[in-house]
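Taking it in order: structure first as C-alpha cells, then the write-up.
What follows draws every value from the coordinates through simple rules; no lab data is involved. Quantities reported herein were computed from a predicted structural model and do not represent experimental measurements. No Cβ is skipped: glycine too gets one built from the backbone with ideal geometry, and neighbour counts run over all protein chains shown.
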Amino acid sequence: MRLTNIYSRHPYDVIRADVVIERMEKMANRSCGCYMDYLLKLPLKDRPTFIGAASRRGIMLTLAEEESCHRARRELEAELAADY
C-alpha cells in the first residue's frame, strides 16, 4: 500500500507504507512518538494504510496506546526529577 510522501516537494509523490515504518524502526525504538507524529501529518485518506502497515509490524497506533505512552513518559520524568 502506498501513502502520500509528506516530505516530498511534489504533492503526488508516494511511498510504500511498510518502507516508512521500517525507516522509523531504525531511527527510534517503538515507544517513541514518531509514529503518531507521522500519522498526524498524513492526509486523512492515507492514515488507514499507515495504521494497517504499523499494525502488521506490531505497532499499535490508537489513542489509548498514545495515552499509555504519554503516561509512561510522565512517570519516567517524575522518577528522574526525584532522583536529581
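With a Förster radius of 25 Å applied to the C-beta separation of K45 and H10, the computed FRET efficiency comes to 0.90.
Each other residue within a Cβ distance under 12 Å of A81 adds +1 if Lys or Arg and -1 if Asp or Glu, for a net charge of -3. Within the shell of other residues whose beta carbon sits under 10 angstrom from the beta carbon of V14, the net charge comes to 0, with Lys and Arg scored +1 and Asp and Glu -1. Dividing the convex hull volume of the alpha carbon atoms of region 2-72 by its residue count gives 83 Å³ per residue.
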